[in-house]
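The values are calculated or read from the model by the stated rules, or taken from the named source; none is laboratory data. Note that the structure is a prediction, hence the values are computed from the model and not measured. Counting neighbours? That spans all protein chains shown, and the Cβs are built from the backbone with ideal geometry, glycine included. Ligands, DNA and RNA are excluded from the accessible area calculation, which covers all protein heavy atoms including side chains. Shrake-Rupley method; radii C 1.70, N 1.55, O 1.52, S 1.80 Å.
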Amino acid sequence: MVEFEIDGQKVQAQEGWTVLETARKYGIHIPTLCYHEAVKPSGACRLCVVELREGDWSKVVISCMYPVAEGLKVFTDSERVKNVRRWILEMLLAECPASEEIRQLAAQYGVTSTRFAIHDPDQDCILCGLCVRVCAEVVGANAISTVGRGVHKQIGAPYLEPGSDCVACGSCVTVCPTGAMRRRLDAVRGKPKVELAR
Amino acid sequence: MAKASNAARPEPQRLNSVEELATLRQELLDSKDPNQAEIVVCYGTGCLASGARQVEAALKKALKAADMDVKVRPLIKTTGCRGFCSQGPLVVIQPEGIFYQKVSPQDAEDIVQALAQDAGPVQRLLYRDPKTGETIPHEKDIPFYKLQERLVLRRIGSIDPTDIYDTIAAGGYQALAKALTSMEPEQVVAEVEKSGLRGRGGAGFPTGRKWRGALKAIEKKGRPVYVVCNGDEGDPGAFMDCMVMEGDPHAVLEGMILGAYALGAEQGYLYVRAEYPVAIEHLSIAIEQARSLGLLGENILGSGFSFDVRINRGAGAFVCGESTALFTSIEGKAGEPRPKYVRSVEEGLWGRPTVLNNVETWANVPLIIENGGDWYAGIGVPHSTGTKVFSLVGKVNNVGLVEVPMGVPLGHIVEEIGGGVPGGKPFKAVQTGGPSGGCIPYELKDTPVDFDSLKAAGSMMGSGGMIVMDERDCVVDVARYFLRFLEEESCGKCIPCRLGLTRMREILDDFSRGKGSQKDLEDLESLAQAIKDGALCALGGSAPNPLLATLRYFRDEYLAHIEGHKCPAGVCKDLITYRIDPDKCTGCTSCARMCPQGAISGEKKKPHAIDESACIRCGICLETCEFGAVEVF
Ligand SMILES: Cc1cc2nc3c(=O)[nH]c(=O)nc-3n(C[C@H](O)[C@H](O)[C@H](O)COP(=O)(O)O)c2cc1C
Ligand code: SF4
Ligand code: SF4
Ligand code: FES
Ligand code: FES
């Protein structure tokens, strides 16, 4: 048993748990986008950040991967945490203006407009990679991957060529936090006309 | 590099003991006449680019033609970078150490004749001290070299890096021999701990502590353990690691073999960026030669200890220099970082305990083992021991590679070793630590160059890039440059870096056009903090540093852009105007002839004028005018 504090509340966790797992067990809410119990965490969206403090020392980490340790002092809503979260939500509003889910999430945290330039008004994928991970780790089909690097990164069938690896299980659609995968499935499986995944 | 040495070499024969290595070394030393002349041609990247290959060919030809006259036929040898790249091509005559600079093929005959006739050095090729105007014949007396302390670079410039015998004669593999005969593996770790060596790849993590951590992880998880060398060197303007790998590949290998011995590793990896073909070639040759002599591979020097290395070519992505991305890249997957809450010494390559160190870090290890950790700890300053190699570039007279003890004041490096800014004005700032670092302004030129002092000044050591800026460098432009670089290099995995860097760059783009407000500055600072806190890896996490450091020291210059709509350095094109001062203009017409737009008009010997509407602000007129009549404001 590991004992530590989240927002001043004493909590207990099993050795090997993450901060997020512990918080959820206690009903302490931390927003997440790229985390799902079914697959390994990847730490891509950074929305689940929390602050650790010890005297003068303080550090921001992601709760979905940070392992619990005795005596941690975790803060889920400190100024530093809020600053990161607000900026990420603003970024997401600009990156995925077409996602209702993102808009609602942002609004929950008081973010309703963005200072970032919107490049594609139809975009709804946040590149969290959940679809890719579920397809590889749970389904074992490896029909989707990320293609390209940096700002050019996209989700699609490998090499953006529709292939025959997809088994049409729909797992990716289920885990997708923004509903983006629904629109993309045909591009993975190879129906013409539909625009390829971005 | 062509095999240039024409010395008779023994057939490679496996060395089965440390004694056999000692015998070989003695034979090599005995076979060499210390008075025999040697013509040493620098074959470093800089000198090759300025024509060293042609110089070498011409020297060979001249030697052949002069054969009759030359009493003792001198040898030609090619080496790695001597560091003084701005003076290349360089040729040094040994054993006296006569230093010839800016040598062209036409000079070959004179060089050979001077040697043949014992006529003293060729005067016109000697280095001239810009301060005193006097020629300095010997390399060791030139201020650029005299003020350095070359330990890591000690053999570079004197050995042929493609010839292992040359390295052995110069003391290579002596540290390995010592460790194998007189040190337990744990003692090697202890010695590195004692030395205080900190990683030269960026973060300055204590190397001994890292190795100790790996030993602890091995206790828990068992072996295999891997040792890995980070030769990805991606900072713009940095070329230290490249020169070490090219110029003394055995130093890196020997360091890795020692590390492997200390940790009980059987396999090592050298991750080298594919843009460094010569480094890869020299390392490959070195590995082959070390294997054939039994210094690498099975049963090294008959000790029972086995270790081998392989080279992995980096795909050229900057982020692949980050430890976890480097591991995934070696594993054959896309080079993307992962959070490091579990340390690499516990879970690194293939999920195994792994020690990753930088090229220069590894190259320091043989020095420490040979001379002892205490000796090493005595060099430099208490918390930053040893020396550091820097690539000195930018607005500085002596561009090149310099090695100094840690703790030397920044100004000393730039002004004494680097010879200051061309034109003699003080420098404006020095960017250290590349795109993750920051700038140190002239006022802080006494800042000791060590890990902690640079950090306290808002910059960092980084891998050792040093870019000197003068009054014609704009800090907004510099910050934009680094941000643009990182924006391109972001792997795109995490949101703050993938999207945030672009936004920061966009705000700076606006600044450079004179647009922006105090509010934008505040936004920029809060966004920078969010990226620092939120990004997954240190690429994103340190990306705001150049911006924050320039803001800290040059806030006025930022305000001049957004409030005064002026670029004081005269760089941001939208904010500057070129004008010719009629009082200074002599009407020489050179600027008018050079202007690509034909925007300058005027009669001969009468003051000229620039048509502002046609001017594209390229600055060519400013550089052309010999009378200082062109002004930017
Ligand atoms: C984006 C990024 C790029 C890096 N590139 C390099 C590199 O090219 N060479 C290097 O030695 N270390 C690089 N590092 C640092 C490595 O992650 C690692 O700290 C270092 O290789 C460890 O070796 P050291 O302790 O000997 O310095 C980079 C780090 C980051 C975040
Ligand atoms: S399609 Fe959905 S699950 Fe896949 S990366 Fe985009 S947002 Fe994530
Ligand atoms: S900080 Fe940048 S480079 Fe590092 S993981 Fe995030 S996107 Fe990739
Ligand atoms: S949920 Fe933790 S990083 Fe996305
Ligand atoms: S390449 Fe010759 S001195 Fe650097």
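Brief remarks on what is shown
- Cα-based Rg / Dmax (Å) for the stretch B:107-220: 22.1, 69
- Per-pair calculated FRET efficiency, R0 = 30 Å: B:GLN123 and B:GLU20 via Cβ, rounded to 0.05: 0.05
- Look at the Cα gyration tensor of chain B: its axes a ≥ b ≥ c give a/c of at least 1.5 with a/b at or below b/c, and that counts as oblate.
- Cβ-defined net charge surrounding B:SER391, 14 Å radius [Lys, Arg +1; Asp, Glu -1]: -3
- For a straight C-alpha distance cut-off of 22 angstrom, the lysines reachable from B:LYS333 (same-chain residues fewer than eight places away being disregarded) are A:LYS40, A:LYS153, B:LYS493.
- Stretching the chain fully between B:HIS138 and B:ARG310 yields a gain of 57.9 nm (0.36 nm per residue, less the alpha carbon separation).
- Nearby lysines by direct alpha-carbon distance to B:LYS606 (threshold 20 angstrom, same-chain neighbours under 8 apart not counted): B:LYS584
- Each other residue within a Cβ distance under 12 Å of B:TYR578 adds +1 if Lys or Arg and -1 if Asp or Glu, for a net charge of -2.
- Mean separation of Cα pairs under 8 Å and 6 or more residues apart, divided by the residue count, gives chain B a relative contact order of 11 percent.
- Förster radius 45 Å - calculated FRET efficiency between A:ASP122 and B:LYS220 (Cβ-Cβ, nearest 0.05): 0.35
- If you model chain A as an ellipsoid using its alpha carbon gyration tensor, with each semi-axis the square root of five times an eigenvalue, the axes come out at 33, 21, 12 Å, biggest first.
- Accessible area, probe 1.4 Å, largest first, for residues B:ARG82, B:ARG198: B:ARG198, B:ARG82
- Taking the longest Cα principal axis of chain A as reference, the axis of helix A:79-95 is set at about 10 degrees.
- Within the shell of other residues whose beta carbon sits under 12 angstrom from the beta carbon of B:ASP235, the net charge comes to -3, with Lys and Arg scored +1 and Asp and Glu -1.
- Within the stretch B:169-378, antiparallel bridges make up roughly 10 percent of the DSSP beta bridges whose residues both belong there.
- Checked against a 22 Å cut-off, the cross-linked pairs B:LYS131/B:LYS425; A:LYS73/B:LYS221; A:LYS59/B:LYS220; B:LYS102/B:LYS425 give Cα-Cα distances beyond that limit for A:LYS73/B:LYS221; A:LYS59/B:LYS220; B:LYS102/B:LYS425.
- Considering only alpha-carbon pairs that sit under 8 angstrom and 6 or more positions apart, the relative contact order computed for the stretch B:381-469 is 34 percent.
- For B:485-497, mean number of other protein chain Cβ atoms within 10 Å: 6
- Carbon + sulfur, % of accessible area of chain B - ligands and nucleic acids excluded, 1.4 Å: 50 percent
- Under a model in which nothing but the beta-carbon of Lys, Arg (+1) and Asp, Glu (-1) is charged, chain B shows a dipole of about 760 debye around its Cα centre.
- Over the protein assembly as shown, DSSP H runs of length four or greater, each weighted -39,500 (n - 2.57), average out per residue to a 222 nm ellipticity of -10500 deg cm²/dmol.
- Directionally averaged projected area (the protein assembly as shown, Cα convex hull): 40.6 nm².
- In nm, spacing of pseudo-spin labels at A:LYS73 and A:VAL138 (7 Å Cα→C-beta vector): 3.9 nm
- Chain B: DSSP helices with Cα axial extent of at least 15 Å and average Kyte-Doolittle hydropathy no lower than 1.0: B:249-263
- Inter-label distance, B:ASP509 to B:ALA65: 5.7 nm, where each label sits 7 Å from its Cα along the C-beta direction.
- As a length-normalised measure over Cα pairs under 8 Å and 6 or more apart, the relative contact order of the stretch A:39-191 settles at 18 percent.
- Size of electric dipole in the protein assembly as shown: Cβ of Lys, Arg +1 and of Asp, Glu -1, about Cα centre, debye, nearest 20: 1440 debye
- Positive-end residue of B:CYS85, B:GLY231, B:PRO137, charge dipole of the protein assembly as shown with Cβ unit charges: B:GLY231
- In the protein assembly as shown, the DSSP beta bridges split such that about 65 percent are antiparallel, to the nearest 5.
- Annotation: lysines with alpha-carbon distance below 20 angstrom to B:LYS388 (same-chain offsets under eight excluded): B:LYS140, B:LYS146, B:LYS194, B:LYS210, B:LYS445, B:LYS455.
- Most positive-pole-ward Cα, B:ILE616, B:THR586, A:THR112, against dipole of the protein assembly as shown from beta carbon charges: A:THR112
- Fraction of antiparallel bridges per DSSP, chain B only, in percent to nearest 5: 55 percent
- More than 19 angstrom apart: percent of Cα pairs within the stretch B:536-607: 59 percent
- Base-10 log of normalised Debye intensity for the stretch A:2-78 (one unit scatterer per alpha-carbon) at q = 0.20, 0.24 Å⁻¹: -0.81, -1.17
- Inter-chain shielding of A:81-93 (mean C-beta neighbours from other protein chains, 10 Å cut-off): 5
- Gyration tensor verdict on the stretch B:188-247 (Cα atoms; rounded if a/c is under 1.5, prolate if a/b is larger than b/c, oblate otherwise): prolate
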